[in-house]
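The values are calculated or read from the model by the stated rules, or taken from the named source; none is laboratory data. None of the values given here were measured: they were computed from a predicted structure. With ideal geometry, Cβ positions are generated from the backbone for all residues, glycine too; neighbour counts draw on all protein chains shown.
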Amino acid sequence: MKDLRVEVREGFEKLANEFSPENLCCDGELSNGQVRVKIRALNKQWKALQAVAGRAVSLGEVEQYQIAEWQAKRGA
């Protein structure tokens with residue numbers, strides 16, 4: 001992730017957070033159909049961001065980067 005421009009990296013981080021269960025279903029307030037629509041929209045945005053990045057980026061890669069950044073800030 002460090003090879004990506006800051007705004008691209010931040011875009012992936014924002015989208016990754018949207019894929020969390022509580023954000024996907026709005027804490028249980030969305031129907032299954034609404035969640036599927038939301039997932040399709042997020043996947044479309046993810047693919048567009050991958051095109052900007054010029055490579056595939058996995059959700060796991062973003063999560064690992066976020067963990068590493070958090071640990072670095074804590075001094076761990």
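Of all residues in region 21-63 being under 12 Å from the mean Cα position of the chain (by Cα), in a helix (DSSP H, G or I) and among the aliphatic types (A, V, I, L, M), which is surrounded by the most Cβ atoms within 10 Å (Cβ to Cβ)?
62
Condition first: of a type outside the set (Gly, Ala, Ser), more than 8 Å from the chain's Cα centre (by Cα) and either under 14 Å from residue 65 (Cβ atoms) or part of a loop (DSSP other than H, G, I, E, B) (or both). Now tell me which residues in region 1-20 satisfy that. Before the answer, list the steps.
So the first thing to find is which residues in region 1-20 are of a type outside the set (Gly, Ala, Ser), and the list is 1-10, 12-15, 17-19.
From the residues that got through so far, the ones that are more than 8 Å from the chain's Cα centre (by Cα) too are 1-10.
Listed by number, the residues that qualify are 1, 2, 3, 4, 5, 6, 8, 9, 10.
Which pairs have Cβ atoms under 6 Å, sit 6 or more apart or on different chains, and link a residue in region 48-76 that is closer than 12 Å to residue 2 by Cβ and aromatic (Phe, Trp, Tyr) to one that is surrounded by 12 or more Cβ atoms within 10 Å (Cβ to Cβ) and modelled with pLDDT under 90?
Qualifying pairs under 6 Å: 65/1.
Any chance you could count how many residues in region 64-76 are surrounded by fewer than 14 Cβ atoms within 10 Å (Cβ to Cβ), touching a helix residue (DSSP H, G or I) at 6+ places or on another chain (Cβ under 9 Å) and under 15 Å from residue 10 (Cα atoms)? Can you show your working first?
Within region 64-76, the subset surrounded by fewer than 14 Cβ atoms within 10 Å (Cβ to Cβ) is 64, 67-68, 70-76.
So of that shortlist, the ones also touching a helix residue (DSSP H, G or I) at 6+ places or on another chain (Cβ under 9 Å) come out as 76.
Still in the list and also under 15 Å from residue 10 (Cα atoms): none.
Number satisfying all stated conditions: 0.
I need every pair where a residue in region 26-43 that is touching a residue at least 24 places away in the same chain (Cβ under 8 Å) has its Cβ under 8 Å from the Cβ of a residue that is part of a helix (DSSP H, G or I) and of a type outside the set (A, V, I, L, M, F, W, C), sequence separation at least 6 or different chains.
42/18
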